[in-house]
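Please read the structure below before turning to the comments.
The values are calculated or read from the model by the stated rules, or taken from the named source; none is laboratory data. Quick caveat: nothing in here was measured; it's all calculated off a predicted structure. With ideal geometry, Cβ positions are generated from the backbone for all residues, glycine too; neighbour counts draw on all protein chains shown. Heads up: the accessible areas ignore ligands, DNA and RNA and are worked out on the full protein's heavy atoms, side chains in. Shrake-Rupley method; radii C 1.70, N 1.55, O 1.52, S 1.80 Å.
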Amino acid sequence: MNAFEHVCEVCGRAETLTSEEAYSAGWDYPPRIGQFGVVSPRTCGECPMTSTLWWALQQGEVDPEDPLGWPEPHRKTLARILDESGAE
């Protein structure tokens, strides 16, 4: 198992962990939660899923057809997710 950078989209916390270490520490992160390259929550064990891009899309808080109209943090999260190559 290779360690890779996990970045919480809510608080910005970044840690280099294996998938197992991250999961055990409470991270919601692919490949244990969701999959690389697909919008799903990327949160540390301290932050709520309700502040994620995934949640905003599910709740209709942002228009999936207009990412340029999204708040900057959500646009950055989308760019980071689309740039994922599958860390493991």
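Brief remarks on what is shown
- Among the criteria (1) loosely packed, with under 13 Cβ neighbours inside 10 Å; (2) assigned to a loop (DSSP other than H, G, I, E, B); (3) of a type outside the set (Ser, Thr, Tyr), the one residue 47 does not fulfil is (1).
- Positions within segment 12-35 being modelled with pLDDT of 95 or more, in a loop (DSSP other than H, G, I, E, B) and open to solvent by 40 Å² or more (accessible area, probe 1.4 Å), in sequence order: 12, 13, 25
- Given (1) part of a loop (DSSP other than H, G, I, E, B); (2) among the hydrophobic types (A, V, I, L, M, F, W, C); (3) without any contact (Cβ under 8 Å) to a residue 60 or more places away in the chain, number of the condition residue 1 does not satisfy: (3)
- Residues that are open to solvent by 40 Å² or more (accessible area, probe 1.4 Å), under 15 Å from residue 6 (Cβ atoms) and in a helix (DSSP H, G or I), drawn from segment 50-88: 80
- Residue check, residue 9 assigned to a loop (DSSP other than H, G, I, E, B), at pLDDT 95 or above and either buried (at least 17 other Cβ atoms within 10 Å of the Cβ) or of a type in the set (Asp, Glu) (or both): yes
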